[in-house]
Structures are given as structure tokens and as C-alpha cells.
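Colleague: What follows is a single structure, and I will ask about it in a moment.
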Amino acid sequence: MEQEISVDYANGAQQKPIHSGFTATSTTDDVIKGIDLSGKTAIVTGGYAGIGLETVKTFVEAGANVVVPARDVNKAAKNLEGIQNILIEPMDLMDSVSIDAFAKKFLSTNSPLHILVNNAGIMWVPLQRDARGYESQLATNHLGHFQLTARLWPALKKSGDARVISVSSFGHQMAPFNFEDPNFEHRTYETLVGYGQSKTANNLFAVELDSRAKAFGVRAFSLHPGSVNGTDLGRVAPMELFQQMGTHDNEGNLFPEVAQKLKTIPQGAATTVWCATSPQLANLGGVYCENADVAELDLGNIDHHYDDPLTLRGVKPYSIDAENAKRLWTLSEELTGVSFVTE
């Protein structure tokens, strides 16, 4: 009976594995096999490093044209050198003016947008605020992507068959969304809590976007890529945090036994690519995925250990709750000043 109540609370009737046939070791090559993206256009934020770069390469190899908005255009040009059918454009997710300028330029092409991957993100940074005073992890990981998606809505709708992918994280389990004080104006800043809140926001955004957009053929998903070796996501995170989690030794070295359990970058990007392209998800949306499958609800029944990345799975009910999702949508419109009307 307890599980029925929790599932109802989470609006999670569809939030259960579909037995896709893929696993934590599946790669981008595995999930894109047999899928043709010729004639399709994709936008991948942060598409010039880590799993974002792998996502771009996979889309291009499957025939897509890919636009990569970049805060660091020079770094993007260097990392994407030699890859065909890509276009790099300047954009900073913490700068609302640059988001609008990027979206306006894209819309001026009159191209439909078939895939939008909100991949860029920051993690475990010291307290920083954007020009509006908003906490940087919330501003970058959620609010910037909310505004970008809103501005690109006409192109998504034009495709008639689009997917919007929010690259979230198991980190959503670190904190629910704090509607009373999202920007840490009246509480002590804790970077893990800020990160967790921003990732919960990614999940909630996918829930409400899917609810509003599916009538137009646009579906939304959020996902956990897994614990991935070789990305620069945690480059400014305090080493003490990793040591507390039991993943690094006193000298700051990753324990070899932990390293062996981490995903490669092609494995880490697999769930993004699967969510963006798989026909297995044709009649689904608003769900949180992991290991190239729909994740199960975490009702306190999963034992998590940070030194064993495969145990870092499941989605918390608060992060896919329909009422929380509606409330966040309204707040996001208020904070960004953007009216996101799907019609």
C-alpha cells in the first residue's frame, strides 16, 4: 500500500524500466545502431567537452546537423575540429541576453528543431551569482536551459516530432527544490545542496514540459548519465567532497577499484543519445532515465554507495512530482521574465 501511495504522489505510473535491452555498459554506438538522423537538426549545449562532445559526434555520424552553443567558442572550435555538419555559436547560460540572441539567430533560419539536448552544466562550485543575483548552479543548470527551451519552442513545435533532453544526475537525490529560498538568500550556502536542487529542477522541468508539449509532438526526458571517467565537470569541486564520499585517497587520487567501476565517455553519453533518438520511447515522456532505460522509483529501497557507482540509481518521487513541476514552471517564468506558453 505504501508503494501505491508513493507512486501516485510521484505521478510516476510510467516511471519504471521498460527493459530496453541496454545496460550500464552500453555505448553510444550500441544505442544509435540502426537509427538514421539524416535531415534532422539538433542543438547540444556544452557539446564540446565530455559526454556533450560524444553526443554531438554520435548525432553527426547518424546524419544530423548539429548546432553547438558555446560559452568558450575557441575551446569549442578546437575540440570540434574536423567534425562535419556542425555550427558553433556563442552563448552563455548565465547571460540571458546571449540566450535570446542565440535563439533569435537559430529561429531566423526557419529550420525545425528535432532534438534539443540541455547538456551543459556546472557542479559543486563555490557560491557565485549571475547578474540577477541568482545562484550559479541553478542559473546555469536550470534557468538558462528553461529560457533557451522557451525561446526555441517555435522550432521544436515546427518539427512535429521533437525531443528535449535534460541531462540531470543522481545528484538530484542530494536535495529537493527549495521553493522558499532557491537562491540561498536566507540560508547557508552548501554547494552539494545547490547542485542537488538544480538537478531536481532538471527532472521537474522535463515532467511539466512533456505535459504541456506532447500535444504538439514534443516529448521531454531527464536522465542520469552515470558516474563517468574523463569529464571535467568536477574540475572546481573541493577534493574534500570526493574524499568524504570514499572515492579518492588522502592525496586526492581516485581509488583504482572505483575507477574500474566508472563509465567511459561513450557509455556516459549513451543514455542521452537513447533518450533523444530511441523508438522505444515513442509513446513515453516526462520520465527520468538511466543506463539507457527508464529508471525505477527510489522509495528508500535502493542501497547507495558512492564508491560503487552502479548503486547510484533510481529517482526520488519529489523530483518527478507533477505539482512540484507546475510550481517550478511558474517560478522559472518569474525568475527569468520569460513567458513559456506552449501553443
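The values are calculated or read from the model by the stated rules, or taken from the named source; none is laboratory data. The structure displayed is predicted, hence computed values, not measured ones. As a convention, Cβ positions derive from the backbone with ideal geometry for all residues, glycine included, and neighbour counts pool all protein chains shown. Surface accessibility is based on the protein's heavy atoms, side chains included, excluding ligands, DNA and RNA. Shrake-Rupley method; radii C 1.70, N 1.55, O 1.52, S 1.80 Å.
Colleague: Grab the other residues whose beta carbon is less than 12 angstrom from that of I43, score K and R as +1, D and E as -1, and report the net.
Modeller: +3
Colleague: Right, something else. Please give me the summed charge of the neighbours of T140: other residues whose Cβ is under 11 Å from its Cβ, Lys and Arg +1, Asp and Glu -1.
Modeller: That sum, taken over residues with Cβ under 11 Å, equals -3.
Colleague: Suppose all protein chains stay in the model; what accessible area per residue would a 1.4 Å probe give for segment 28-336, in Å²?
Modeller: Here the residues of segment 28-336 average 39 Å² of exposed surface.
Colleague: For segment 110-143, list residues with backbone N below 14 Å from a point placed 7 Å from the Cα of R187 toward its Cβ?
Modeller: Only 135, 138 fall inside the zone, counting backbone N under 14 Å.
Colleague: Right, here's the next one. Note the full-extension length gain between N110 and F179 as 0.36 nm times their separation in residues minus their Cα-Cα distance, in nm to one decimal.
Modeller: Net length gain for the segment: 21.1 nm.
Colleague: Could you work out the per residue convex hull volume over the alpha carbons of the chain, in cubic angstrom?
Modeller: So the per-residue hull volume is 133 Å³.
Colleague: Which value, in nm² and rounded to one decimal, describes the direction-averaged projected area of the C-alpha convex hull of segment 99-223?
Modeller: If you wrap the Cα atoms of segment 99-223 in a convex hull and average its projections, you get 7.5 nm².
Colleague: Pop the C-beta distance of N283 and Q128 into the FRET formula with R0 = 45 Å and round what comes out to the nearest 0.05.
Modeller: 0.65
Colleague: I'd like the carbon and sulfur percentage of the solvent accessible area for the chain, probe radius 1.4 Å, heavy atoms only, ligands and nucleic acids excluded.
Modeller: Ligands and nucleic acids excluded, carbon and sulfur give 49 percent.
Colleague: Tell me the label-point distance for the pair I35, A322, using the 7 Å Cα-to-Cβ offset, in nm and rounded to one decimal.
Modeller: 2.8 nm
Colleague: Another question, if that's okay. Can you tell me the length gained on complete extension of the stretch K158 to H19, counting 0.36 nm per residue apart and subtracting the Cα distance?
Modeller: Gain on stretching K158 to H19: 46.9 nm.
Colleague: Here is a further query. Need one word for segment 171-210: rounded, prolate or oblate. Basis is the Cα gyration tensor (sqrt eigenvalues a ≥ b ≥ c); a/c below 1.5 gives rounded, then a/b vs b/c decides.
Modeller: The shape class here is oblate.
Colleague: Of all the Cα-Cα pairs you can form in segment 25-134, what percent are over 19 Å apart?
Modeller: 47 percent
Colleague: What's the magnitude of the charge dipole for segment 28-336 around its Cα centre, counting Lys and Arg as +1 and Asp and Glu as -1 at the beta-carbon? Answer in Debye, nearest 20.
Modeller: Computed about the Cα centre, the dipole is about 1140 debye.
Colleague: Let me ask something additional. Put a dot 7 Å past each Cα toward the Cβ at V341 and N85; how far apart are the dots in nm?
Modeller: 3.6 nm
Colleague: Quick one: Cα centre-to-centre distance for segment 270-343 and segment 146-191, in angstrom?
Modeller: Their Cα centres are 10 Å away from one another.
Colleague: Something else: For the chain, which longest stretch is free of loop sites, where a loop site is one of the trypsin sites (Lys or Arg not before Pro) that DSSP puts outside H, G, I, E and B and that has at most 11 other Cβ atoms within 10 Å?
Modeller: That gives 34-186 as the longest site-free run.
Colleague: Need one number: nm distance between label points at L310 and N250, each 7 Å from Cα along Cα→Cβ, rounded to one decimal.
Modeller: 3.1 nm
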